[in-house]
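Novice: Before I ask anything, let me first share the structure, which is written out below as structure tokens.
The values are calculated or read from the model by the stated rules, or taken from the named source; none is laboratory data. In this text the structure is predicted, and so the values were computed from the model without any measurement. In this analysis, Cβ positions are derived from the backbone assuming ideal geometry, glycine residues included, and neighbour counts consider all displayed protein chains. What goes into the accessible areas is simple: the full protein's heavy atoms, side chains included, and nothing from ligands, DNA or RNA. Shrake-Rupley method; radii C 1.70, N 1.55, O 1.52, S 1.80 Å.
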Amino acid sequence: MPLSLADRLARRVFVLNGAAAGDDAAGFLAALDGGRIVGERHIPGRGAAERFAPLARDILREADWPSGPDAIVAVVGPGSFTGLRASLSLAAGLAAGYGCPAVGVSLGAAFRAMPDAADAVCINVARRNRCFVDWGDGRVEAYAPSEIVLPPGRRLLAGDAVDWLGEDQRAGRVVLPYRHPAPTAILAAAMSDPRPVAQPLYVDAPEAKPPQGGLRPAPVG
């Protein structure tokens, strides 16, 4: 009998997070077996996701899974355009190669699966000195830090851009020590709120535009 997605996520899972943006960006890969980390790599700096492929091979060898992973889980955003494209393409390729499902989770859902963070507002680095804000109610938006108005009653803050808020914005709030979600939290989010890995969570519109003269005609055979 084929395994259900829930059963697969409880077994051998390969996790990717290439969403982080900004100068202090970092990505990571991890192999989890029964929820326990059996191999991982943390890659600091911009362009981390572009180095994922050979590291994924190394981790999968270390995990010693003769039949490969049972599922792939990747963070779908919001975050770096390049990081998301690279990491989600790799996730889809690994899933196709190993014949297993690939699912995605939002960055906010992964943060809120961390200990004591279920009600956190997640604030992360975006382009052009702005922040992505995941409010936890389905809305994910981008603001300049000074434009963020936190709702009353939402005390918990998490993410790598929380420090960009002013003291008055953080007054009366609890800043959780989570700049990035752990692999175990990404897996937990996948178990409760899986998304299609092929659909990145983009907040900003793409900057690339079609040429003014239109696209070139298709080649003639």
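Novice: About its Cα centre, what dipole magnitude does the stretch 88-137 give when the only charges are +1 on Lys and Arg Cβ and -1 on Asp and Glu Cβ, stated in debye to the nearest 20?
Specialist: For this selection, approximately 320 debye.
Novice: Accessible area of Glu50, 1.4 Å probe, to the nearest 10 Å²?
Specialist: For Glu50, the solvent-accessible surface is approximately 130 Å².
Novice: Taking amide H positions as placed 1.01 Å from N in the peptide plane, with prolines and chain starts having none, which residues 5 or more places from Cys131, or on another chain, fall under 5 Å of its amide H?
Specialist: For Cys131, the qualifying residues are Ala126, Tyr143, Ala144.
Novice: Sticking with this structure for a sec: Take the chain, connect every pair of alpha-carbon atoms lying under 10 Å apart with a spring to form a Gaussian network, then pick out the residue of Val105, Val75, Val174 with the largest mean-square fluctuation.
Specialist: Highest fluctuation of the listed residues: Val174.
Novice: To the nearest whole percent, what portion of all C-alpha pairs in the chain is separated by more than 33 angstrom? Mind dumping the intermediate values first?
Specialist: Values: 4833 of 24310 pairs.
Roughly 20 percent, once rounded to a whole number.
Novice: Whole-Hz Karplus ³J(HN,Hα) for the stretch 188-196, in order, using 6.51 cos²θ - 1.76 cosθ + 1.60 and θ = phi - 60°, x for Gly and Pro?
Specialist: Once rounded to whole Hz, the list reads 4, 5, 5, 5, 9, 8, x, 10, x.
Novice: Show that you can apply the helix-only estimate: for the chain, add -39,500 (n - 2.57) for every DSSP H stretch of four or more residues, divide by all residues, and state [θ] at 222 nm to the nearest 500.
Specialist: Working: 6 runs with 55 residues, N = 221.
Per the formula, -7000 deg cm²/dmol.
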